[in-house]
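The values are calculated or read from the model by the stated rules, or taken from the named source; none is laboratory data. Values in this document were obtained by computation on a predicted structure and should not be read as measured data. Every residue, glycine as well, gets a Cβ built from its backbone with ideal geometry; the counts of neighbours run over all protein chains shown. Note: areas computed on protein heavy atoms with side chains; ligands, DNA, RNA excluded. Shrake-Rupley method; radii C 1.70, N 1.55, O 1.52, S 1.80 Å.
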Amino acid sequence: CEMPAEARVRLIRAAAEVMRTRRFETLRVMADETGKTVHEADPEVSEAIDFAEFYAGPGIQLLERLAADGLTVTGRGVVTVIGPWNFPYAIPAGGVFAALSAGNTVILKPAPESVRVAALLVEQLHQAGVPRDVVQLVVCEDGPIGRHLVTHEGADTVVLTGSLATADLFRSWRPDLRLFGETSGKNAMVITAAADLDL
């Protein structure tokens, strides 16, 4: 994405404003498609807006400090963001805003269970002025077409939120894949005798 940092900041902040004004529509779509309650969905919308504000503020400022220190700071190209079904709005938004703030273009591939939520997010970004060729929604099955999307040489980076098995599968398809994965099975849970077992 050949767009100066100031323009990226303006677009990301504009996206945050659109997300604020369309909050109730987002809540409705999340409830209808994924079964989220207002108490679950509303904080998720706030988290997505927080991601936008972070990447338009401290995120960009970090890149500017690195550039001022003499490092070459450029986008890497196309980033494929593969979102989860259980946090269908905030998690993809975080990946998209991180990629945009660093000067990349984005392909968002949602989980099959949350396509409408992802489509709404992309529509909101376009409404804010993010060019359609900078953020695109790709809806496809997780089979051969999804594999082609992950392994395509035109995509520099994949951002995945999903299972460890999925991350391992992606790496088996393309061992040199630049993969940022937030995966399951990496955190311990300690349950003591004082735990409320019913809870």
3 or more residues open to solvent by 60 Å² or more (accessible area, probe 1.4 Å) and farther than 22 Å from residue 136 by Cα: qualifying helices (runs of 4 or more DSSP H) within the range 1-82: 23-34, 38-56, 58-68
In the range 104-119, the residues that are in a helix (DSSP H, G or I), among the hydrophobic types (A, V, I, L, M, F, W, C) and open to solvent by 10 Å² or more (accessible area, probe 1.4 Å): 115, 119
Verdict on residue 124 being buried (at least 21 other Cβ atoms within 10 Å of the Cβ), among the polar types (S, T, N, Q) and modelled with pLDDT of 95 or more: yes
Failed item in (1) surrounded by fewer than 12 Cβ atoms within 10 Å (Cβ to Cβ); (2) at pLDDT 95 or above; (3) in contact with a Leu (Cβ under 7 Å, 6 or more places away or on another chain), with residue 133 passing the rest: (3)
Extreme residue, farthest from residue 147 (Cα to Cα), among residues of the range 164-199 that are within 21 Å of the chain's Cα centre (by Cα) and in a helix (DSSP H, G or I): 164
Tally, over the range 134-163, of residues that are touching a strand residue (DSSP E or B) at 6+ places or on another chain (Cβ under 7 Å), farther than 19 Å from residue 84 by Cβ and part of a loop (DSSP other than H, G, I, E, B): 2
